[in-house]
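The structure appears right after this line, and notes come after that.
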Amino acid sequence: MEPVYARAGLCPGRFMIECMPHHLAQINIGRLVAPVDDPRIAGFMAQLDPVNALADRAKGFVWRLQSASGNATDITYNDDPFVIVNMSVWESIEALRDYVYLSRHVDVFRDRAKWFEKAAKPHYCLWWVPAGHIPTVAEGRERLEHYRQYGATEFSFWFAQQFPAPADRETFA
């Protein structure tokens, strides 16, 4: 049987903290070396559907940005048509880290220099969202710009310097 505090939406601890589960959002952008239909990008495009399907089945996966095409290569990040955006939501930092670094995704990740220009600034960040929230590209852009300007903070961070999911409200038990 589920504990009373769990049914009441409370987390155990010294104080009872009202649980509002949070998920981890991520954004990463890249500037392609050529248009998506250029032969130089064919290797990346050929792996996109299988790697996205792998994400969809991964433990802890919640959501990913995609258009009717099934991927996000046609979703605008900014006014540069060579910049593509990837966003997703995960149940935890561990779930995302396992997908990125311990699955077949890592093979594509290692080959990124074949298809993407080397970024002069950070091109990725993480942040916590309330469970059920679907982040927009504008929200992701704001988080990434903040990370670029201020480094890792509770507002946006990376694997190397993580911040815990926020606790919304403490109440006395």
Looking at the range 65-113, which of its residues are surrounded by fewer than 17 Cβ atoms within 10 Å (Cβ to Cβ) and of a type in the set (A, V, I, L, M, F, W, C)? ALA68, ILE75, PHE82, VAL83, LEU102, VAL106, PHE109, ALA113
Inside the range 130-155, the number of residues satisfying the requirement of being surrounded by fewer than 16 Cβ atoms within 10 Å (Cβ to Cβ) and of a type in the set (Asp, Glu) is 2
Quick one: in the range 105-115, of everything that is among the hydrophobic types (A, V, I, L, M, F, W, C) and more than 17 Å from the chain's Cα centre (by Cα), which residue is modelled with the highest pLDDT? TRP115
With within 25 Å of HIS22 (Cβ to Cβ), modelled with pLDDT under 95 and among the hydrophobic types (A, V, I, L, M, F, W, C) as the only criterion, which of LEU126, LEU102, LEU144 stands out? LEU102
Consider only pairs whose beta carbons are under 7 Å apart and that are at least six residues apart or on different chains; among these, list those whose first residue lies in the range 73-96 and is farther than 17 Å from PHE116 by Cβ and polar (S, T, N, Q) and whose second residue is modelled with pLDDT of 95 or more and in a strand (DSSP E or B). SER88/GLN26; SER88/TRP63; SER88/ARG64; SER92/LEU24
Here the qualifying pairs (Cβ atoms under 7 Å; residues six or more apart or on different chains; first in the range 113-134 and closer than 12 Å to GLU91 by Cα; second surrounded by 19 or more Cβ atoms within 10 Å (Cβ to Cβ) and β-branched (Val, Ile, Thr)) come out as VAL129/VAL89
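The values are calculated or read from the model by the stated rules, or taken from the named source; none is laboratory data. The model shown is predicted, which means the values in this text are computed figures rather than measured ones. A quick note on method: Cβ atoms are made from the backbone with ideal geometry, for glycine too, and the neighbour counts reach across all protein chains shown.
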